[in-house]
Amino acid sequence: MKCMCEKENLIQAVNIVGRLATARSTLPILQNIYLELTDTGLVLRSTDLEQTLEAKIDAEVKEKGRVTVPARLVTEYLQNNTDHSLTLFTDDLTLHIHSTNHQASFKGLAAEEYPSLPQAKVGQKVELQSEELVAAINRTIFAAALDDTRPVLGGLLWRFGGDSLELVGTDGYRLAYTKAKIATKLTGDYIIPRRSLQELVRILGPDKVEVSFAGTQVKFRQGEVELTSRILEGKFPDYAAILPKKSELKVTVASSALAQSLKLASLFSRDSAYSTKLTLEGDKLRLHASSVSLGDNVNEVTLNTPVDKPFAISLNAQYLIEALSHISGEVSLEFVDSKSPIVLRPSAGADYLYLVMPLRLE
């Protein structure tokens, strides 16, 4: 293979695909980036076998070909190369990169050994606004499970219902839900892995993104960049059944003030699953956290309207803090009793809610 290209275009593509080529992989070739020269340009690809990233850049193609080279070494070399134009060519399994002031050779592995990209037939397809999609993912992804005990909880549920898209994340202790309008009529449920969506958020720009589903694969495409991921198999929990049908007590409070008080309380509850007692009395919400080894903390925030009778519940402060980082202005807190989940919603009425299971009240 042989071509000429601009360094800035190449480093941008390498930065996009390089993160999947991790040095922690047990397969040496997965630590490499796959490069292929075609009639239309230079294609770069990486995979961890569960997801695949592909980017394409313009290049002056002299001779087609393909090779795989170490991702980390190529990335660091390009980041420190001060020239603007590059010439790339291969000699068997060695990739040479020459420019005005620099020359380098990279020992590679055979491209034939690199895992092939799944070629699924295109099924349902929808075009989404990137900024709205990124916001929806960020509002829900933190609630997805971090372990693999229940694989389906390690992803977000995408539920298409006509002209709407619902995203739901839960780890069994809390649940985040958001809803957005879409232009395309679509139906179906898909569970997309958390890690794939984290990569998607990282690479998306401001333009629209095309999302297509086929079999066990989902593909996100924006411009010349594609992310392909497997879809998790299994049944997602019936989140509608988890949500309380009514609340016995509802209060509103400034989300920033509540978040700050929770952060103070969490300093003293790190060794007790961030257990924090919330007591509502009059126009005050009192937060109390204590630790045998660290000490204790009590602080208060003012409710917008007083409560008729005192109420207490114990919750994981960190869970609330994470949700409040996605709610600005006033937040509504809805309670049933001290043993039932608490529901948070933006008072402004956005299609977003967050549910947290209580801890045992001391």
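The values are calculated or read from the model by the stated rules, or taken from the named source; none is laboratory data. Given the structure is predicted, the values throughout are model-derived calculations rather than measurements. As a convention, Cβ positions derive from the backbone with ideal geometry for all residues, glycine included, and neighbour counts pool all protein chains shown. Side chains included, ligands, DNA and RNA excluded: accessible areas come from the protein's heavy atoms. Shrake-Rupley method; radii C 1.70, N 1.55, O 1.52, S 1.80 Å.
Give, in nm to one decimal, the length gained when the segment between Glu233 and Lys125 is fully stretched (0.36 nm per residue of separation minus the Cα-Cα distance). Show your work: numbers first, answer last.
Details: separation 108, 0.36 × 108 = 38.88 nm, distance 1.95 nm.
Roughly 36.9 nm would be gained on extension.
I'd like to check one number: the per residue accessible area of the chain, probe 1.4 Å, reported in Å² as a whole number.
50 Å²
Compute the long axis of helix 7-17 from its Cα atoms, compare it with the longest principal axis of the Cα atoms of the chain, and write down the angle in degrees, 0 to 90, nearest 10.
So the inclination is approximately 50 degrees.
Please report, in debye to the nearest 20, how large the charge dipole of the chain is about its Cα centre when each Lys and Arg carries +1 at its beta carbon and each Asp and Glu carries -1 there.
With Lys and Arg at +1 and Asp and Glu at -1, about 740 debye.
For the chain, set up a Gaussian network in which alpha carbons nearer than 10 Å are linked by springs, and say which option among Val17, Val218, Val307 fluctuates the most.
Val307
Can you list residues from other chains, or at least 5 along the same chain, whose modelled amide H is less than 5 Å from the amide H of Gly282?
Val307
Reachable aspartates and glutamates from Lys263, Cα under 15 Å, same-chain residues fewer than 8 places away excluded?
Asp271, Asp296, Glu300, Glu322
Of Lys235/Lys339; Lys181/Lys246; Lys64/Lys219; Lys179/Lys339; Lys7/Lys219; Lys246/Lys339, which pairs sit farther than 21 Å apart, going by alpha carbon to alpha carbon?
Beyond 21 Å between Cα atoms: Lys235/Lys339; Lys181/Lys246; Lys64/Lys219; Lys179/Lys339; Lys7/Lys219.
Run the 1.4 Å probe and let me know the accessible area of Asp337, rounded to the nearest 10 Å².
For Asp337, the solvent-accessible surface is approximately 60 Å².
For the chain, what class follows from the C-alpha gyration tensor (a ≥ b ≥ c being the square roots of its eigenvalues): rounded when a/c is under 1.5, otherwise prolate if a/b is larger than b/c, else oblate?
Prolate shape, in that a/c is at least 1.5 and a/b is the bigger ratio.
What is the dipole size for segment 1-82, taken about its Cα centre, with +1 at each Lys and Arg Cβ and -1 at each Asp and Glu Cβ, in debye to the nearest 20?
220 debye
What distance in nm lies between label points placed 7 Å from Cα along the C-beta direction at Leu249 and Asn101?
6.8 nm
Rounding to the nearest 20 debye, state how big the charge dipole of segment 99-152 is about its Cα centre with +1 on each Lys and Arg Cβ and -1 on each Asp and Glu Cβ.
60 debye
Which residues in segment 1-34 have a backbone N closer than 15 Å to a point placed 7 Å from the Cα of Arg202 along the Cα-to-Cβ line?
12-25, 31-33
At R0 = 22 Å, how high is the FRET efficiency between Tyr173 and Thr305 if r is their beta carbon distance? Nearest 0.05 is fine. Walk me through the numbers on the way to the answer.
Working: r = 29 Å, r/R0 = 1.32.
My answer for the efficiency is 0.15.
Please give the calculated 222 nm ellipticity per residue for the chain, where each DSSP H segment of at least 4 residues contributes -39500 (n - 2.57) and the sum is spread over every residue; nearest 500 deg cm²/dmol?
-5000 deg cm²/dmol
Please say if segment 120-170 is rounded, prolate or oblate, where rounded means a/c under 1.5 for a ≥ b ≥ c the square roots of the C-alpha gyration tensor eigenvalues, and otherwise the choice is prolate for a/b larger than b/c and oblate otherwise?
oblate
Please compute the length gained on full extension between Lys64 and Arg150, using 0.36 nm multiplied by the number of residues separating them and subtracting their Cα-Cα distance.
Once the chain is fully extended between Lys64 and Arg150, it gains 26.5 nm.
Give the aspartates and glutamates whose C-alpha is closer than 14 Å to that of Lys245, dropping any in the same chain fewer than 8 places away, or say none.
Once the sequence-local aspartates and glutamates are set aside, what remains near Lys245 is Glu334, Asp337.
Let me check something: with ligands and nucleic acids excluded, how do His84, His98 order by accessible area (1.4 Å probe), largest to smallest?
Final ranking, largest accessible area leading: His84, His98.
Given H placed on each backbone N at 1.01 Å, which residues far from Ser85 in sequence or on other chains put an amide H within less than 5 Å of it?
Lys7, Thr100
Using a 1.4 Å probe on the protein heavy atoms, what percent of the accessible area of segment 1-121 belongs to carbon and sulfur?
After summing per-atom areas, the C and S share lands at 46 percent.
Please identify, among Lys309, Lys64, Lys277, the residue showing maximal mean-square fluctuation in a Gaussian network model of the chain using a 10 angstrom Cα cutoff.
Lys309
From the backbone phi of segment 221-234, what are the Karplus-calculated ³J(HN,Hα) couplings (6.51 cos²θ - 1.76 cosθ + 1.60, θ = phi - 60°) in whole Hz, Gly and Pro given as x?
So the Karplus estimates, Gly and Pro as x, are 10, 9, x, 9, 10, 10, 10, 10, 9, 6, 9, 5, 8, x Hz.
How many nm separate the modelled label positions at Leu27 and Ser338, each set 7 Å beyond the Cα in the direction of the Cβ?
Taking the simple label geometry, Leu27 and Ser338 are separated by 5.4 nm.
Go through Asn299, His84, Leu53 and say which Cα lies farthest out towards the positive end of the charge dipole of the chain; charges sit on Cβ, +1 for Lys and Arg, -1 for Asp and Glu.
With unit charges placed on the Cβ atoms, the residue in question is Asn299.
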